[in-house]
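The values are calculated or read from the model by the stated rules, or taken from the named source; none is laboratory data. All values reported here derive from a predicted model rather than from experimental measurement. In this analysis, Cβ positions are derived from the backbone assuming ideal geometry, glycine residues included, and neighbour counts consider all displayed protein chains. For accessibility, only protein heavy atoms count, side chains too; no ligands or nucleic acids. Shrake-Rupley method; radii C 1.70, N 1.55, O 1.52, S 1.80 Å.
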Amino acid sequence: MAVCPDTSQEPDFRDLDVNEVERQLYLPPNTLTWLPSVDLPVGSAGPMLPDDAKAAELLERLGVDPVDRSTTLAARPDPLEHSALWWVLDRAYRALRVGMGVPPAGGGWPALPVETGSVGRHLYVWVGLAALPYVRRYHSDRDVSDEISWASLATLGEELASARRVTGLAGLEATWGMPRIFSGVSYRLGRMAFDRQRPSPESPEHPVLAVGQCGLNVHIPGSGGRLDPHACEDSLDQARAFFPQRFPEQVAAFGCHSWLMDDQLGAYLPESSNILRFQRRFTTFVDRELADWAPLEHIFHRRYEGTVVPALLLDDLPQQTALQRAIVTHLRSGRHWYNRTGWMTF
Ligand SMILES: CC(C)(COP(=O)(O)OP(=O)(O)OC[C@H]1O[C@@H](n2cnc3c(N)ncnc32)[C@H](O)[C@@H]1OP(=O)(O)O)[C@@H](O)C(=O)NCCC(=O)NCCS
């Protein structure tokens, strides 16, 4: 059953504006610039959160661990008690509804600071729960199977578990995936996940995309075991069949932006390495963005965002596998890891 909040008393979240919300949530100015501009559908209801029993059932379907389910249920937002957070929830929910099926411009949703407490850290989970009926309907209208629909949405469970592992805190961090998954833009198809990019009108100098064409971002979730080449091929084939049947744009290339695209890995890993075999599917490489944080986070579940990783942190990391040794040896020698974008034709 959905719970309709009683918003008849003061303070009313609708009286707030973005500056006041950012002030109350300890956010730097302009963190929420994506929210005030959302078109609010006239006459439409605001977010309706499922009651605890329904929310628990849905969270389980969304692959959320029992521990994260309980912390989410204990962090239910309330429009009166948490008016600034409710303002964000209301706008993010409407952004998903208005943008259903449209690749979002810009990045993901910013982390809400720890000062916003458990309710703040779980707010996006509740946004997802409120938007769930709409994205499910969108999937069904696009003839997306139940299996693919739930597998895609279950990325929420992985994001929660991963954020907890890295930070020691329950709840979500900044999330690139949530606005894409819960607006029907990103899909898990076998080993990998894919999200549609906007067509590229403005950049005729794009390395592979002509004006009006677009790319599919390829993501390699930590879940799903090794990066077996057959599983990758199957996943790419699924994407080749899935997207053109359902979406209007002309997809011309797969693009993967990741630390796994850093060709320096080739100096450390054997030729038989799945990562290298995956990397070598891509033919054109662009960008080079400092990203020591990425292997630290994805392989060691440790967070460090400075420019020189301290020796004490490196000393603390396990060295059991070729990849673990590669990451640490490289950093110890004063070199860095980079995110790169690889492209290959669709
Ligand atoms: C991508 C991934 C599935 C590849 O695993 P894989 O198929 O085993 O990769 P490779 O065959 O290239 O492995 C080469 C070596 O690295 C090791 N290795 C690979 N992934 C590892 C991981 N997550 N942790 C520790 N060691 C790992 C392998 O065990 C192997 O070493 P070994 O021969 O000493 O046993 C895995 O690294 C992973 O899950 N990474 C996290 C997800 C990620 O980073 N996604 C990209 C986000 S931008």
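Which of the following residues is more than 10 Å from the ligand (Cβ to nearest atom), hydroxyl-bearing (Ser, Thr, Tyr) and part of a loop (DSSP other than H, G, I, E, B): Ser200, Ser272, Ser223, Ser235?
On the way: Ser272 fails: more than 10 Å from the ligand (Cβ to nearest atom); Ser223 fails: more than 10 Å from the ligand (Cβ to nearest atom); Ser235 fails: part of a loop (DSSP other than H, G, I, E, B).
Only one candidate passes the filter, namely Ser200.
In segment 236-262, which residue that is in contact with a helix residue (DSSP H, G or I) (Cβ under 7 Å, 6 or more places away or on another chain) and open to solvent by 10 Å² or more (accessible area, probe 1.4 Å) is modelled with the lowest pLDDT?
Val251
What's the number of the condition Glu205 fails, among (1) closer than 26 Å to Ile299 by Cβ; (2) not in a strand (DSSP E or B)?
So the condition that Glu205 fails would be (1).
Within segment 175-195, count every residue that is touching a residue at least 60 places away in the same chain (Cβ under 8 Å) and among the β-branched types (Val, Ile, Thr).
Looking only at that region, the number is 2.
Only one residue in Gly120, Gly107, Gly171, Gly184 is over 30 Å from Asp228 (Cβ atoms), open to solvent by less than 10 Å² (accessible area, probe 1.4 Å), of a type in the set (Gly, Ala, Ser) and assigned to a loop (DSSP other than H, G, I, E, B). Which one?
Gly171
Among the listed residues Gly107, Gly171, Gly117, identify the single one that is closer than 22 Å to Val21 by Cα and touching a Lys or Arg at 6+ places or on another chain (Cβ under 8 Å). Steps first, answer last, please.
Numbers: Gly107 fails: touching a Lys or Arg at 6+ places or on another chain (Cβ under 8 Å); Gly117 fails: touching a Lys or Arg at 6+ places or on another chain (Cβ under 8 Å).
Among Gly107, Gly171, Gly117, only Gly171 is closer than 22 Å to Val21 by Cα and touching a Lys or Arg at 6+ places or on another chain (Cβ under 8 Å).
Determine whether Leu132 is in contact with a Gly (Cβ under 8 Å, 6 or more places away or on another chain) and crowded, with 16+ Cβ neighbours inside 10 Å. Before the answer, list the steps.
Values: in contact with a Gly (Cβ under 8 Å, 6 or more places away or on another chain): no; crowded, with 16+ Cβ neighbours inside 10 Å: yes.
Considered against the rule, which asks whether it is in contact with a Gly (Cβ under 8 Å, 6 or more places away or on another chain) and crowded, with 16+ Cβ neighbours inside 10 Å, Leu132 comes out as no.
So, in segment 263-275, of the ones that are aliphatic (A, V, I, L, M) and closer than 21 Å to Glu233 by Cβ, which residue ends up least open to solvent (accessible area, probe 1.4 Å)? Give the derivation first.
Let us first name the residues in segment 263-275 that are aliphatic (A, V, I, L, M), namely 265, 267, 269, 275.
Those left that are additionally closer than 21 Å to Glu233 by Cβ: 265, 269, 275.
Details: Leu265: 0, Leu269: 18, Ile275: 30 Å².
Per the stated criteria, the residue is Leu265.
Mind checking which residues of segment 100-123 are at pLDDT 90 or above, over 26 Å from Leu169 (Cβ atoms) and of a type outside the set (Val, Ile, Thr)?
Met100, Gly101, Pro103
Could you list all residues from segment 21-72 that are at pLDDT below 95 and outside any loop (DSSP other than H, G, I, E, B)?
Across segment 21-72, the qualifying residues are Val21, Glu22, Arg23, Gln24.
For Arg191, which of the numbered conditions (1) out of contact with any Gly (no Cβ under 6 Å at 6 or more places or on another chain); (2) near the ligand (Cβ under 10 Å from one of its atoms); (3) within 17 Å of Ala151 (Cβ to Cβ); (4) of a type outside the set (Asp, Glu) fails to hold?
Every condition holds for Arg191 apart from (1).
Name every residue in segment 323-346 that is more than 11 Å from the ligand (Cβ to nearest atom) and farther than 30 Å from Leu209 by Cβ, in order of residue number.
Result: Val328, Thr329, His330, Leu331, Arg332, Ser333, Gly334, Arg335.
Does Ser145 satisfy being among the hydroxyl-bearing types (Ser, Thr, Tyr) and either in contact with a Cys (Cβ under 7 Å, 6 or more places away or on another chain) or open to solvent by 10 Å² or more (accessible area, probe 1.4 Å) (or both)? Before the answer, list the steps.
Numbers: among the hydroxyl-bearing types (Ser, Thr, Tyr): yes; either in contact with a Cys (Cβ under 7 Å, 6 or more places away or on another chain) or open to solvent by 10 Å² or more (accessible area, probe 1.4 Å) (or both): yes.
Against the criterion (among the hydroxyl-bearing types (Ser, Thr, Tyr) and either in contact with a Cys (Cβ under 7 Å, 6 or more places away or on another chain) or open to solvent by 10 Å² or more (accessible area, probe 1.4 Å) (or both)), Ser145 qualifies.
Any residue in segment 263-273 that is of a type in the set (Asp, Glu) and at pLDDT 95 or above? Give the steps one after another, and end with the answer.
Of segment 263-273, the ones of a type in the set (Asp, Glu) are 263, 271.
Restricting the remaining residues to those that are at pLDDT 95 or above gives 263, 271.
Within segment 263-273, one or more residues are of a type in the set (Asp, Glu) and at pLDDT 95 or above.
Just give me the residues in segment 276-322 being open to solvent by less than 30 Å² (accessible area, probe 1.4 Å), in contact (Cβ under 8 Å) with a residue 24 or more places away in the chain and either within 10 Å of the ligand (Cβ to nearest atom) or closer than 24 Å to Val208 by Cβ (or both), in sequence order. Working first, answer last.
Applying the first criterion (open to solvent by less than 30 Å² (accessible area, probe 1.4 Å)) to segment 276-322 yields 276, 278-279, 282, 291-292, 294-296, 300, 309, 313-314, 317.
Still in the running and in contact (Cβ under 8 Å) with a residue 24 or more places away in the chain: 278-279, 282, 291-292, 294-296, 300.
Within segment 276-322, Phe278, Gln279, Phe282, Ala291, Ala294, Pro295, Phe300 meet the criteria.
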